[in-house]
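Just below is one structure, and these are the notes that go with it.
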Amino acid sequence: MTIHHPASTAQLPVPAQSSYQNRVADYWNAEQNPVNLQLGMIDDLYHHHYGVGDVQWSVLDESDPERRREKITAELHRLEVAQAELLAGRLGPLAPTDRVFDAGCGRGGGSITANLRYDCHADGVTISAKQAQFANEQARARGVDGKVRYHHRNMLDTGLPTGAYAASWNNESTMYVELDLLFAEHSRLLRHGGRYVVITGCYNDTYGRASREVSLINAHYICDIHPRSAYFKAMAKNRLVPVHVEDLTAATVPYWELRKEADHLVTGIEDAFLTAYENGSFQYLMIVADRI
Ligand code: GPP
Ligand code: MG
């Protein structure tokens with residue numbers, strides 16, 4: 001018997017980049033959210049992650065509307081910088097000769113943060129050509145382009161040298177990829193005894209499958225948030241052994257409460273995050289692991 005498949009995908013060549021990856025790249029090539037650009041402009045540290053720590057609520061008491069907006073923007077940036085510092089602090093100790101790998105580097109703030117702290121070499125990888133170009137311009141403007149480089153590549157298949165990295169991380173970028181493939185690449189790149197750090201939003205297995213709010217977040221960013229358990233399974237399979245696990249949920253809720261008040265910066269996803277954290281279906285987690 002012959003089965004006729006007029007539209008069979010078996011006849012199509014496998015693309016170098018999947019349809020999903022193309023859509024993710026389109027999103028980040030087009031992204032111009034004031035909540036990212038206005039915060040980054042303060043000190044040229046452009047982040048694509050959220051904040052941690054207590055909010056100085058007095059910023060809301062400012063009576064001049066323009067000054068009030070500026071104070072809220074600065075406060076949100078302070079909390080995002082604190083998050084980047086928290087992650088960077090877990091990478092070390094590192095020497096100026098060491099190399100670090102920033103998987104899903106966005107506009108580059110994380111690699112700059114690591115370089116400022118350790119004077120180390122950094123390679124950032126992003127699927128967005130625009131982000132890589134922007135980040136490289138920032139590194140040039142700071143005069144650190146000899147040590148900090150950004151690449152328009154797939155974080156699952158970076159082409160970077162095996163065993164050359166003392167530390168690596170994902171700061172809110174794991175929800176775009178399969179964890180087994182991702183951790184296999186980190187494991188390949190890290191030297192024996194190297195350090196891996198992830199900060200991520202994950203859904204809480206205790207609660208069940210992804211909640212409505214988690215699904216809304218997925219749709220908003222075109223991502224696929226993993227359950228908490230998936231991180232530990234995929235790490236164990238890829239020679240990454242956790243040495244420190246920290247639930248940052250309570251530390252990030254104030255950031256979202258303040259962001260909700262920032263009429264000039266909101267993107268519309270604020271309530272989904274707050275509800276997801278409050279109903280327990282979602283967690284903001286940091287995992288620090290050793291490459292054994
Ligand atoms: C924030 O980036 C992070 C992501 C898009 C990944 C999803 C993260 C989760 C924890 C689920 P951003 O800073 O570009 O987002 P926004 O524009 O909302 O500030
Ligand atoms: Mg942001």
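The table that follows gives values for the structure above.
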{"item": "Residue in segment 263-275 that is open to solvent by 50 Å² or more (accessible area, probe 1.4 Å), over 25 Å from ARG69 (Cβ atoms) and outside any helix (DSSP H, G or I) present", "result": "no"}
{"item": "Among residues of segment 177-207, those that are assigned to a strand (DSSP E or B) and open to solvent by 10 Å² or more (accessible area, probe 1.4 Å), counted", "result": "5"}
{"item": "Flag if ARG23 is touching a residue at least 60 places away in the same chain (Cβ under 8 Å), of a type in the set (Lys, Arg), open to solvent by 70 Å² or more (accessible area, probe 1.4 Å) and within 15 Å of ligand 1 (Cβ to nearest atom)", "result": "yes"}
{"item": "Subset tally (residues that are over 16 Å from THR113 (Cβ atoms), in a helix (DSSP H, G or I) and of a type outside the set (S, T, N, Q)) for segment 142-176", "result": "2"}
{"item": "Answer residue from segment 240-253, given it is in contact (Cβ under 8 Å) with a residue 40 or more places away in the chain and surrounded by fewer than 18 Cβ atoms within 10 Å (Cβ to Cβ) and is farthest from PHE183 (Cα to Cα) among those", "result": "GLU246"}
{"item": "Flag if GLY104 is in contact with a helix residue (DSSP H, G or I) (Cβ under 8 Å, 6 or more places away or on another chain) and touching a residue at least 40 places away in the same chain (Cβ under 8 Å)", "result": "yes"}
{"item": "Any hit, segment 81-104, residues being over 25 Å from ARG259 (Cβ atoms), open to solvent by 30 Å² or more (accessible area, probe 1.4 Å) and among the charged types (D, E, K, R)", "result": "yes"}
{"item": "Residues located in segment 276-292, provided they are in a helix (DSSP H, G or I) and open to solvent by 30 Å² or more (accessible area, probe 1.4 Å)", "result": "GLU278"}
{"item": "Meets criteria (in contact with an Asp or Glu (Cβ under 6 Å, 6 or more places away or on another chain), buried (at least 17 other Cβ atoms within 10 Å of the Cβ) and in contact (Cβ under 8 Å) with a residue 12 or more places away in the chain) for ALA234", "result": "yes"}
{"item": "Test: residue in segment 107-122 that is outside any helix (DSSP H, G or I), within 15 Å of ligand 1 (Cβ to nearest atom) and open to solvent by less than 30 Å² (accessible area, probe 1.4 Å)", "result": "yes"}
{"item": "Options ALA82, ALA139, ALA95, ALA74; residue that is farther than 16 Å from SER173 by Cβ, small (Gly, Ala, Ser), away from ligand 1 (no atom under 16 Å from the Cβ) and in a helix (DSSP H, G or I)", "result": "ALA139"}
{"item": "Of all residues in segment 60-78 being touching a residue at least 40 places away in the same chain (Cβ under 8 Å) and in contact with an Asp or Glu (Cβ under 9 Å, 6 or more places away or on another chain), the one that is least open to solvent (accessible area, probe 1.4 Å)", "result": "ILE72"}
{"item": "Members of segment 41-59 found to be β-branched (Val, Ile, Thr) and crowded, with 18+ Cβ neighbours inside 10 Å, listed by number", "result": "VAL52, VAL55, VAL59"}
{"item": "Within segment 21-57, tally of residues that are outside any helix (DSSP H, G or I) and either more than 9 Å from ligand 2 (Cβ to nearest atom) or closer than 14 Å to THR73 by Cα (or both)", "result": "17"}
{"item": "Every pair of residues 6+ apart whose Cβ atoms lie under 7 Å, when the first sits in segment 136-158 and is closer than 15 Å to HIS121 by Cα and polar (S, T, N, Q) while the second is in a strand (DSSP E or B) and open to solvent by less than 90 Å² (accessible area, probe 1.4 Å)", "result": "ASN136/TYR150"}
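The values are calculated or read from the model by the stated rules, or taken from the named source; none is laboratory data. Owing to the predicted nature of the structure, the values given are computational and were not obtained by experimental measurement. Backbone-built Cβ (ideal geometry, glycine too); neighbour counts: all protein chains shown. The protein model used for the area step is the full one, side chains on, heavy atoms only, and it has no ligands, DNA or RNA in it. Shrake-Rupley method; radii C 1.70, N 1.55, O 1.52, S 1.80 Å.
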